[in-house]
There are 2 protein chains.
Amino acid sequence: MQTELSRQLGAEHAIFGFTPFPAVAAALTRAGGFGVLGAVRYGAADDLKRDLDWLEAHTDGLPYGLDVVMPAQKVEGVTEDEIEAMIPEEHRQYVRDILAAHDVPELPEGERSGWRITGWMESVARSQLDVAFDYPVKLLANALGSPPPDVVERAHRGGIPVAALAGSPRHAERHKEAGIDIVVAQGYEAGGHTGEIASMVLTPEVVRAVDPLPVLCAGGIGSGEQLAAALALGAQGAWLGSVWLTTTEADLGSRALTRKLLAAGPGDTVRSRALTGKPARLLRTAWTDAWEAGEGRPGPLPMPLQGLLVAEANSRIQRWEVEPLLGTPVGQIVGSMDSERSVQAVVDDLTRGFDRALARLNAIADRH
Amino acid sequence: MQTELSRQLGAEHAIFGFTPFPAVAAALTRAGGFGVLGAVRYGAADDLKRDLDWLEAHTDGLPYGLDVVMPAQKVEGVTEDEIEAMIPEEHRQYVRDILAAHDVPELPEGERSGWRITGWMESVARSQLDVAFDYPVKLLANALGSPPPDVVERAHRGGIPVAALAGSPRHAERHKEAGIDIVVAQGYEAGGHTGEIASMVLTPEVVRAVDPLPVLCAGGIGSGEQLAAALALGAQGAWLGSVWLTTTEADLGSRALTRKLLAAGPGDTVRSRALTGKPARLLRTAWTDAWEAGEGRPGPLPMPLQGLLVAEANSRIQRWEVEPLLGTPVGQIVGSMDSERSVQAVVDDLTRGFDRALARLNAIADRH
């Protein structure tokens, strides 16, 4: 099942997988898809280098990509400490109150908060890119707007196409103007940062807005029927993130979280600013509930303050697997994530489901 | 383009159209689709009878349906006046303030508020049904939960299948238990009352939940590519509402409103309780903005109070075409409603787009 884009990128199937786990990215690439490693969790360039070495050794020369989070607008000369100082005490106290209400212990002595997202800082993202350009990365994606022009130029000099996520047609047009090669249309139902427009409407709107650029459909895709729908809407492939979270290759670091994902229904997510300060779809938890509007609640801070505010709390929640608060970004397809499967099994299901959907459509067309 | 369901119902295409306008319903049925007339705006049974006579005379013996709004739970012995008395003065004053801020004139002397929705009252819906069962209606739909058991039985005795809208798999399961024959999966992107789950996820979830009952996909469908996507997701057809609003057969009663619909983008709708008290997707206007949460704003009342509260205001806004406040329920596909076309032209586009999408999918499948 190949589109012009997947053929250009050297993948057998038009299935693009975004994942923070090198083992998932490698398995997807080996299964004929296109694995894209999310770099946002890597603080140090050395850690990324280690994992790219591993990825390179486990993909048999097949193609994979890298996703960084690089804001187009620079924040010049502001240190992380200075940003930390902008967080109001009321919010810090509110976080302490939530943790206390759920008896969340401190991290063990000497254990540092590993959860902190620093990849969104331009300096970090740039050091990641310096590493990445030493590897035969076949796609560079940016989860936060168009990357800066010099990064796009550098990628293009290396023959690497650049993809960027968009939640609206206007957003997608700006990517096109910035020289982006591929637009990922991120629908309302997607996990992580999302806009308000659902994939069914967003995908064709973005295809029309950036024509002739190729578009990937993200949001709502976990089965081959949904993949067929995405391609029917004019996408050149599907960009899947959530479905990999319950694969056997994924390392969520918490069995309790895996169990919660397997048990969740399609209505058990919420679009919330509780994690990063920007609206992102997350598993609904006591944590996201606590950040909903309401009396005596301060509400989330803007990005990047909210992410810094909640970083240590999240590490503690995950470290001790405090079930009511335990969550993750995930899309509405979480309702269909009912069993743990290998990445290969997911890809097999996707291609078989696609074939089934296509046979069904052909039968519908023929019935006169 | 025929599914098992459209064949059973005697339609050439698996295109179901919900509309308050008899001329649209008739044109769709004549074009090979299945027109469904919404009865909620009919206060008097005689008006409905007149329009069903017209519909019968203009559909050449081809099939059409009727959509009523009938709550499963009766509110016994409460009059409309008693319900009116439950509306707080603060809300009445707020409505007056909005109208004053936009200089909305009173209705002309002797002109009554025609906008009031009374069809949601069980007594009204039942008198509509008494009329409807005298006509060869081929489908009875209910926009508000499962209809009462005696209504389902009466329809079944007459050989008429019953459809009901659902916004979640659980909701759909309850319809199945109530003996409903067809479930309309109403996605987040749809116009009118909607849940939180987008069509891409909701449709296959509902198909799975009510198997082997047929499911129609509603929400996000205005093109043949979207129709193909809906069928790929396992639906037995698509249920379209918004796309008919800008057809030449539609009678919105306001050129200004038609112009607003033609100009709107996919992000220009909002899921709001401003019109009926239940979350419904509406064109975003100064009216919906005024009912968003905020200081000094009372926020919407629950159904049915909000609908009664705003009825006269809506009549005045429409009567005088007060542009900033002028709106209608409409889905996110409003962004693609760029020109006025006949219903026949819309159907032609749908079937051609379906064929195009299918050819594309077959090419993708063949490319090895």
* Structure fact -> With only helices counted (DSSP H, runs n ≥ 4, each -39500 (n - 2.57)), the per-residue ellipticity at 222 nm for chain A, to the nearest 500, works out to -12000 deg cm²/dmol
* **Placed amide H near B:T248: partners under 5 Å, 5+ positions off or other chain** => B:R341, B:S342, B:V343
* Overall form of the range A:235-288 per C-alpha gyration tensor (a/c, 1.5; a/b vs b/c) -> oblate
* To do: Would you list which lysines come within 29 Å of A:K260, measuring only between C-alpha atoms, while excluding same-chain residues fewer than 8 positions from it?
  => A:K278, B:K176
* Output the residues of the range B:170-211 meeting this criterion: accessible area (heavy atoms, 1.4 Å probe) in the chain alone minus accessible area with all protein chains in place is 10 Å² or greater. => B:Y188, B:E189, B:E196, B:I197, B:A198, B:M200, B:V201, B:P204, B:E205, B:R208
* Asked: Expressed as cubic angstrom per residue, what is the convex hull volume of the alpha carbon set of the range B:1-51?
  -> 73 Å³
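What accessible area per residue, rounded to a whole number of Å², is obtained for chain B using a probe radius of 1.4 Å?
Numbers: 14560 Å² over 368 residues.
With the other protein chains kept in place, chain B gives 40 Å² per residue.
So for the protein assembly as shown: antiparallel DSSP bridges make up what percent, rounded to the nearest 5? Kindly include the intermediate steps, with their values, before the conclusion.
Values: 14 of 72 bridges.
Beta bridges within the protein assembly as shown, antiparallel portion: roughly 20 percent.
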* **Descending semi-axes in whole angstrom, ellipsoid equivalent of chain B, from the Cα gyration tensor** => 32, 24, 20
* Structure fact -> Dipole check, the protein assembly as shown, charges on Cβ (K,R +1; D,E -1), about Cα centroid: among B:W239, B:A85, A:N314 the Cα furthest to the positive pole belongs to B:W239
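If you take the square roots of the eigenvalues of the alpha-carbon gyration tensor of the range A:106-245 and sort them as a ≥ b ≥ c, do you get rounded (a/c under 1.5), prolate (a/b over b/c) or oblate?
Values: a/c = 2.01, a/b = 1.27, b/c = 1.59.
Taking the square roots of the gyration eigenvalues as a ≥ b ≥ c, the range A:106-245 is oblate.
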* Principal axis dimensions, the protein assembly as shown - Cα atoms, whole angstrom, descending -> 78, 59, 45
* Treat every Asp and Glu Cβ in the range A:77-189 as -1 and every Lys and Arg Cβ as +1, leave all other atoms uncharged, and give the resulting dipole magnitude about the Cα centre to the nearest 20 debye. => 700 debye
* Structure fact -> For B:R281, other-chain or 5+-apart residues with amide H closer than 5 Å (H placed, Pro excluded) are B:G192, B:H193, B:T194, B:S272
* Note the angle between two axes, namely the Cα long axis of helix B:343-366 and the longest principal axis of the Cα atoms of chain B, as a number of degrees from 0 to 90, rounded to the nearest 10. => 50 degrees
* Give, as a single signed number, the net charge of other residues whose beta carbon lies under 10 Å from the beta carbon of A:S199, with Lys and Arg counted +1 and Asp and Glu -1. => -2
* Asked: How about the range A:249-298: which of its residues lose at least 50 Å² of accessible area in the presence of all protein chains relative to their chain isolated, using a 1.4 Å probe?
  -> A:P266
* **Cα lying deepest toward the dipole's positive end in the range B:286-362, options B:G294, B:V334, B:L305, charges on Cβ** => B:V334
* **Dipole magnitude (debye, nearest 20) for the protein assembly as shown, charges at Cβ of Lys, Arg, Asp, Glu** => 1080 debye
* Structure fact -> With the label set 7 Å along Cα→Cβ, B:G159 is separated from its counterparts in the other copies, in nm and shortest first, by 6.9
* Among all the lysines, which ones have a C-alpha under 17 Å from B:K49's C-alpha, if same-chain residues fewer than 8 places away are not counted? -> B:K138
* Structure fact -> One decimal, nm, nearest first: from B:R297 to the same residue in each other copy, label points 7 Å out along Cα→Cβ, the values are 1.7
* In whole Å, what is the distance between the alpha-carbon centres of the range A:241-285 and the range A:25-49? -> 19 Å
* To do: Two decimals is fine: what is log10 I(q)/I(0) at q = 0.20, 0.22, 0.27, 0.29 Å⁻¹ for the range B:252-322, from a Debye sum with one equal scatterer on every Cα and no solvent?
  => -0.92, -1.07, -1.32, -1.35
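For chains B and A, what's the summed buried accessible area, probe 1.4 Å, to the nearest 100 square angstrom?
On the way: alone 16480 and 16470 Å², together 29120 Å².
Approximately 3800 Å² gets buried when B meets A.
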* Label point 7 Å beyond Cα along the C-beta direction, distances from B:A359 to other copies (nm, shortest first) -> 2.5
* Asked: Based on Cβ point charges of +1 for Lys and Arg and -1 for Asp and Glu, what charge dipole magnitude is obtained for chain B about its Cα centre, in debye rounded to the nearest 20?
  -> 820 debye
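Ignoring ligands, DNA and RNA, what percent of the 1.4 Å accessible area of the protein assembly as shown is carbon and sulfur?
On the way: 14380 of 29120 Å².
Exposed carbon and sulfur together represent 49 percent of the surface.
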* Rg in Å to one decimal, and Dmax rounded to a whole Å, for the range B:1-108 via C-alpha atoms -> 20.0, 54
* Structure fact -> With a ≥ b ≥ c from the Cα gyration tensor eigenvalues, square-rooted, and the rule rounded for a/c under 1.5, otherwise prolate when a/b > b/c and oblate otherwise, the range B:264-363 is prolate
* Structure fact -> Over the Cα atoms of the range A:209-345 the radius of gyration and the largest Cα-Cα distance (Dmax), both in Å, equal 16.6, 50
* To do: Would you be so kind as to list the residues of the range B:327-342 that have their accessible area lowered by at least 40 Å² in the full protein complex compared with their chain by itself (1.4 Å probe)?
  => B:Q332
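The values are calculated or read from the model by the stated rules, or taken from the named source; none is laboratory data. Remember, it's a predicted structure, so these values are computed and weren't measured experimentally. Neighbour counts are summed over all protein chains in view; Cβ atoms, including those assigned to glycine, are modelled from backbone coordinates with ideal geometry. The accessibility values were calculated without ligands, DNA or RNA, using every heavy atom of the protein model including side chains. Shrake-Rupley method; radii C 1.70, N 1.55, O 1.52, S 1.80 Å.
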